[in-house]
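**Q** Can you keep this structure in mind? I'll have questions shortly.
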Amino acid sequence: MNKRKTGADYEDVAVSYLEKKGYRILERNYRCRYGEIDVIACKDGVLVVAEVKYRSNDRCGEPAEAVDVRKQRRICRVTMDYLMRHKYFCERPCRFDVISIYGGGKINHIENAFYFQG
């Protein structure tokens, strides 16, 4: 299975997980010139930007470790584009989550995994 297909499959798993937890999915794979956001959802009036990471094993470290400062900045730039295009500006609270999925199917959802990187 190629990386793109594998990523899409595990994003499906993450979306199902979020929906079961009461999140409303607004966008998947939102793209702009700055990059991509895996999942944009809403729960309790908060806009949730989620990065999904999968690892079949821990040889390369924890999945969430792949969301380094550089990746966080990119996600924040894409989020700003999304907010501007949807006219949210600063009126809506927003948080950044990381959803780690492990080879055995275990899911670790880290809420507020990082803060806005301007």
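The values are calculated or read from the model by the stated rules, or taken from the named source; none is laboratory data. Small disclaimer: the values here were computed from a predicted structure and weren't measured. A quick note on method: Cβ atoms are made from the backbone with ideal geometry, for glycine too, and the neighbour counts reach across all protein chains shown.
**Q** Tally time: how many residues in segment 33-66 are buried (at least 19 other Cβ atoms within 10 Å of the Cβ), farther than 21 Å from residue 92 by Cβ and in contact with a helix residue (DSSP H, G or I) (Cβ under 8 Å, 6 or more places away or on another chain)?
**A** 3
**Q** On the basis of being within 26 Å of residue 9 (Cβ to Cβ), at pLDDT 95 or above, hydrophobic (A, V, I, L, M, F, W, C) and within 14 Å of the chain's Cα centre (by Cα), does residue 40 make the cut?
**A** Answer is yes for this residue.
Per-residue answers, yes or no, for (1) more than 11 Å from the chain's Cα centre (by Cα); (2) within 18 Å of residue 20 (Cβ to Cβ); (3) at pLDDT 95 or above:
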| residue | (1), (2), (3) |
| --- | --- |
| 33 | yes, no, yes |
| 48 | no, yes, yes |
| 51 | no, no, yes |
| 68 | yes, no, no |
| 78 | yes, no, yes |
| 87 | yes, no, no |
| 94 | yes, no, no |
| 101 | yes, yes, no |
| 105 | yes, yes, no |
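**Q** In the list 13, 67, which residue meets the criterion of being touching a residue at least 60 places away in the same chain (Cβ under 8 Å) and touching a strand residue (DSSP E or B) at 6+ places or on another chain (Cβ under 7 Å)?
**A** Testing whether each residue is touching a residue at least 60 places away in the same chain (Cβ under 8 Å) and touching a strand residue (DSSP E or B) at 6+ places or on another chain (Cβ under 7 Å) leaves just 13.
**Q** List, please: which pairs have Cβ atoms under 8 Å, are six or more places apart or on different chains, and start with a residue in segment 96-118 that is within 11 Å of residue 67 (Cα to Cα) and without any contact (Cβ under 8 Å) to a residue 40 or more places away in the chain and end with one that is among the charged types (D, E, K, R) and assigned to a strand (DSSP E or B)?
**A** none
**Q** Step by step: first the residues of segment 48-94, then only those that are touching a Leu at 6+ places or on another chain (Cβ under 8 Å) and of a type in the set (Phe, Trp, Tyr), then the one that is nearest to residue 10 (Cα to Cα). Which residue is that?
**A** Among residues in segment 48-94 that are touching a Leu at 6+ places or on another chain (Cβ under 8 Å) and of a type in the set (Phe, Trp, Tyr), the one nearest to residue 10 (Cα to Cα) is 88.
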